[in-house]
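Engineer: Take this structure first; my questions come after.
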């Protein structure tokens, strides 16, 4: 019955290896420790064999140094052996006497270097000694081969160790990335919450400011401000009208003065040139001149221009120019009176303007509007920052599962079975 049910439902899948995310560093540390212990345990015998092999090979080499040559050997070979033997022994001893450290990987590197040196010596000077010392050189080759076999065992063990450490390092890097992204995501959420709180505070304050502005505008004392503003508007219109009259009169006179200045320059009348240029400078200036300054400059320039008009040197083009020079005394009085009126009007305008600006209610309105404008700018910046943060968090949320899956896959490479990472 049990066999039938098992066959019908199939074999239950094995439970995956479960591990908490925050315990992965401890797991990796244990893997590293296990890998080091396995390397140390596996390498103990080869290391000792290599040390013994080096000592035995050195004994063989020293034996060759004191060995007697076969008397039947050809004299030429004897001569070659005589020259090569000391060099071979020195080279072999140089390689065999190198220190072999206790640390396994350092030991491995030194042992490899030792064997390479011995191989080079046996293939170099040693090849001339094989005929003279065949048995001894055979022992040298056998000793080198024996050490080489033990090194091959170490090579495999160290490669396995490096593979484990490489997988551990890979998992550690992915773990760091996943935890970093999670931590940054949490920080960004906290930051987003702070931004939202600041935005809410700003919105509340802006609403409060709006209500305060409405309250100020409803204040009975604002009637005085409104009256002053109406007065200011009237003064501004009157000032604009007088400015147009002054500009028209000054431009008309300046046009004739310009012609007069050219004639005076041709006639080299320096005094007239100075007077004409001075009055043109005053009339062309945007600022309203002082009453006395304008009056004096016109007194000097108008007679000069009138004389040129009377002599026919200057032809008046329109009725405005004719009106000016038909009675220069009247023109001078009119334009200087305009200048004086504008000066008084400008002072009254400025005084009224200051009264409005210094009014307690207007100062409060100005302060409230300035605060509102600053809050609006800050709100826009905070809103943009919140949007950027939202986009970054979305990207972060998309990246975390990818790195988590890579982490799980690399963990499976270490564990050798299905892995489930839990928070």
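The values are calculated or read from the model by the stated rules, or taken from the named source; none is laboratory data. The model shown is predicted, which means the values in this text are computed figures rather than measured ones. Ideal geometry is used to build each Cβ from the backbone, glycine not excepted, and the neighbour counts take in all protein chains shown.
Engineer: When you look at residue 148, is it free of Cβ contacts under 8 Å to residues at least 60 places away in the same chain, more than 30 Å from residue 25 (Cβ to Cβ), assigned by TED's automatic domain parsing to the domain that holds residue 62 and surrounded by fewer than 16 Cβ atoms within 10 Å (Cβ to Cβ), yes or no?
Structural biologist: When the stated conditions are applied, residue 148 does not pass them.
Engineer: Mind listing whichever residues of region 98-137 are assigned to a helix (DSSP H, G or I), touching a helix residue (DSSP H, G or I) at 6+ places or on another chain (Cβ under 7 Å) and at pLDDT below 90?
Structural biologist: Listed by number, the residues that qualify are 121, 122, 125, 126, 128, 136, 137.
Engineer: Right, another one. Does region 249-265 contain at least one residue that is farther than 20 Å from residue 322 by Cα, in the same structural domain as residue 319 (by TED's automatic domain parsing), out of contact with any strand residue (DSSP E or B) (no Cβ under 7 Å at 6 or more places or on another chain) and surrounded by 14 or more Cβ atoms within 10 Å (Cβ to Cβ)?
Structural biologist: The answer is yes, given that some residue of region 249-265 is farther than 20 Å from residue 322 by Cα, in the same structural domain as residue 319 (by TED's automatic domain parsing), out of contact with any strand residue (DSSP E or B) (no Cβ under 7 Å at 6 or more places or on another chain) and surrounded by 14 or more Cβ atoms within 10 Å (Cβ to Cβ).
Engineer: Return yes or no: is residue 87 over 60 Å from the mean Cα position of the chain (by Cα), assigned by TED's automatic domain parsing to the domain that holds residue 151 and at pLDDT 90 or above?
Structural biologist: No: the conditions fail for residue 87.
Engineer: Same structure, new question: Would you be able to say whether some residue in region 72-79 is under 21 Å from residue 141 (Cβ atoms), at pLDDT below 95 and part of a helix (DSSP H, G or I)?
Structural biologist: Taking every residue of region 72-79 in turn, at least one turns out to be under 21 Å from residue 141 (Cβ atoms), at pLDDT below 95 and part of a helix (DSSP H, G or I).
Engineer: Same structure, new question: Counting only residues that are touching a helix residue (DSSP H, G or I) at 6+ places or on another chain (Cβ under 9 Å) and closer than 16 Å to residue 344 by Cα, how many does region 222-242 have?
Structural biologist: Result for region 222-242: 7.
Engineer: Within region 363-385, take every residue that is buried (at least 16 other Cβ atoms within 10 Å of the Cβ) and under 28 Å from residue 197 (Cβ atoms) and give me the one that is nearest to the chain's Cα centre (by Cα).
Structural biologist: Among those that are buried (at least 16 other Cβ atoms within 10 Å of the Cβ) and under 28 Å from residue 197 (Cβ atoms), it is 382.
Engineer: Would you pick out the residues in region 83-97 that are surrounded by 13 or more Cβ atoms within 10 Å (Cβ to Cβ) and either touching a residue at least 24 places away in the same chain (Cβ under 8 Å) or outside any helix (DSSP H, G or I) (or both)?
Structural biologist: Answer for region 83-97, where residues must be surrounded by 13 or more Cβ atoms within 10 Å (Cβ to Cβ) and either touching a residue at least 24 places away in the same chain (Cβ under 8 Å) or outside any helix (DSSP H, G or I) (or both): 84, 85, 87, 88, 89, 91, 92, 93, 95, 96.
Engineer: Would you point out which residue out of 271, 312, 340 is surrounded by fewer than 18 Cβ atoms within 10 Å (Cβ to Cβ) and not in a helix (DSSP H, G or I)?
Structural biologist: After applying the criteria, what remains is 312.
Engineer: Could you figure out which of (1) at pLDDT below 85; (2) under 30 Å from residue 236 (Cα atoms) isn't true of residue 325?
Structural biologist: Answer for residue 325: the failing condition is (2).
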